[in-house]
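Inspection log for the structure reproduced underneath, given as structure tokens.
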């Protein structure tokens, strides 16, 4: 039997619940930087500055707006809360829907200055 502990999980933006989440992905990575020289026999790469990305899947509409800045926290179905440090900016927000189906969507957020 699968767990339904995700049901009821909410994304908070600036302390206000903005959407019911159905999925969450946190990505930490960076860009590959070419560091090879003309005399190298093999092309060489090094990782550049680390980038963070938070991608949220939601059910229903999301009240965040492109370019908004604020703090993020997640209130889990069991009542616990997780906080993302610093200020985050809203990137692309997509709301989608089909006939006889719920409205769903995604939002992308990245850390920024206040």
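The values are calculated or read from the model by the stated rules, or taken from the named source; none is laboratory data. Computed from a predicted model, the values in this text were never measured in an experiment. Using ideal geometry, Cβ is built from the backbone for each residue, glycine included, and neighbour counts are taken over all protein chains shown.
Here are the numbers for this structure:
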quantity: Test: residue in region 45-68 that is in contact with a strand residue (DSSP E or B) (Cβ under 9 Å, 6 or more places away or on another chain), without any contact (Cβ under 8 Å) to a residue 24 or more places away in the chain and at positive phi; calculated: yes
quantity: Residue pairs meeting the criteria (Cβ under 6 Å; at least 6 apart or on separate chains; first on the phi > 0 side of the Ramachandran plot and at pLDDT 90 or above, in region 73-98; second assigned to a strand (DSSP E or B) and surrounded by 14 or more Cβ atoms within 10 Å (Cβ to Cβ)); calculated: 86/111
quantity: Per-region count, region 87-110, residues surrounded by 11 or more Cβ atoms within 10 Å (Cβ to Cβ) and more than 14 Å from the chain's Cα centre (by Cα); calculated: 4
quantity: Filtered residues of region 1-29 (kept if surrounded by 12 or more Cβ atoms within 10 Å (Cβ to Cβ) and at pLDDT below 85); calculated: 6, 8
